[in-house]
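First the structure, in the form of structure tokens, and then the observations on it.
None of the figures in this text is laboratory data; all of them are computed from the coordinates on show. This one's a predicted model, so the numbers in the text were calculated from it and none came from an experiment. Counting neighbours? That spans all protein chains shown, and the Cβs are built from the backbone with ideal geometry, glycine included.
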2 protein chains.
Amino acid sequence: MTQMQRSDARSNRDRVLTAARETFAAAGLEAPVREVARRAELGVATVYRHFPTRTDLVTAVLAERVEACRRQMRRALDDTDPWRALSGMIEEFADRQIHDRALNEALLAPGGAAGAFAEQRREHVEAMNTLVARARAAGRLREGVGPEDVRAGLLAIAALRNLPSSTNAQVIGRLAELLRAGLRA
Amino acid sequence: MTQMQRSDARSNRDRVLTAARETFAAAGLEAPVREVARRAELGVATVYRHFPTRTDLVTAVLAERVEACRRQMRRALDDTDPWRALSGMIEEFADRQIHDRALNEALLAPGGAAGAFAEQRREHVEAMNTLVARARAAGRLREGVGPEDVRAGLLAIAALRNLPSSTNAQVIGRLAELLRAGLRA
DNA sequence: ACGGAAACGGAACGGATGTTCCGCCCCGGA
DNA sequence: TCCGGGGCGGAACATCCGTTCCGTTTCCGT
């Protein structure tokens, strides 16, 4: 059923997805659907045929980013050095935020357009708890630091990404370093 | 000239301001003007007569908060203990963000509705530089930490305030503590 | 008490955005 | 090559928001 559609329809669906990726990354998740359609050089109706509502389109784009996040977390869990795993995770997260304006909204608005990712969020939280527990067991964490602190720090990095400033990249980098210093024993 | 206006006009102006304070505090600075008018039990035109544009209304509300910030910074400059001054400033800033949903947008959007506070912003930055320089001279700061790091941290706290989550207060508190730990020698 | 200027309320305008409608067009099977 | 039905584009509809217009009401000096 799924594969017996017209070839132009299939290719247009890809063009919409590509355009949506680019648009959301550059202008944020609130970018108008018309903007996506324009970038794809298609009519709005075509976008809506492939993604019945704006939320479906956003969800489709976010799914890819969330999956990338999941892979990254897997790698961190495989790291044998507890502090390097945790610290590197923070740094990669910061890098990702710098280059991708869409991802943070998936993390920042649990009830919003990204409500579909509750399961992945839970998995992510669990993995983070493991990373923190390992670093703590290895004595690399400051007294009193827990998973909530790491989570607060990541949220802060993500929230910073929303600012319209052009110096965001530097500010985010500094903040990530500052957070690592605050977590370290 | 200013005081020879009709009494109803003067009292309505106050009602608008009060309603704006309440509305913006509860719903954020993007709350519709109609909402302010409704809360004041006045027509929209009345709001617009006293504050020609939405920005003027926002600015009027923010001016009060900015002034409070200025007084707080003055107190920090009077503190004889450099680290306590800097650390306390961060904590008070975090507290203020928790209780005031409007203030951060004055700090986060230099070109936005709060463009009118450029002078105060400059003064604020200068005072912060002084606080950091003193703390550094007293040897209370970690190697490599500068005013930009403190500013990044405050920005992060302010940005966090924008999240719709109900656990913001705790998260902001933790973040503030984390930042202090990251700055300390 | 009265009259006019100032203030008021709410409908209306203009622009943005999500979504739907509909006539035209093109793919793909015969 | 021809035809039918799904696909397409863009205008149109509905909603929301900032702002303005204008007929009506209210204050206040005389």
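List of remarks:
- Mean partner shielding of peptide A:141-147, defined as the number of other chain Cβ atoms within 10 Å of each residue Cβ, is 2.
- Scaling against 2.2 N^0.38 Å puts the C-alpha radius of gyration of chain A at 1.18.
- Calculated mean residue ellipticity at 222 nm for chain B: -24000 deg cm²/dmol, from DSSP H runs with n ≥ 4 weighted as -39500 (n - 2.57), summed, divided by the residue count and rounded to 500.
- Magnitude of the charge dipole for chain B, about its Cα centre and with charges confined to Cβ atoms of Lys, Arg (+1) and Asp, Glu (-1), is about 160 debye.
- Global form of the protein assembly as shown, assessed from the alpha-carbon gyration tensor, a/c cut-off 1.5: oblate
- Across chain A, the relative contact order, built from alpha-carbon pairs under 8 Å that are at least six residues apart, equals 22 percent.
- Computing FRET efficiency as 1/(1 + (r/R0)^6) for B:Ala116 and A:Ala9, where r is the C-beta to C-beta distance and R0 is 45 Å, gives about 0.30.
- Mean projection area, nm², convex hull over Cα of segment A:1-52: 3.6
- Given R0 = 56 Å, the distance between the Cβ atoms of A:Ala26 and B:Ala137 translates into a calculated FRET efficiency of 0.80.
- 12 Å beta-carbon shell around A:Asp14, net charge (K/R +1, D/E -1): +3
- Anisotropy class of segment A:1-90 from Cα gyration tensor, a/c 1.5 cut: prolate
- Positive minus negative residues near A:Arg142 (Lys, Arg vs Asp, Glu; Cβ under 14 Å): +4
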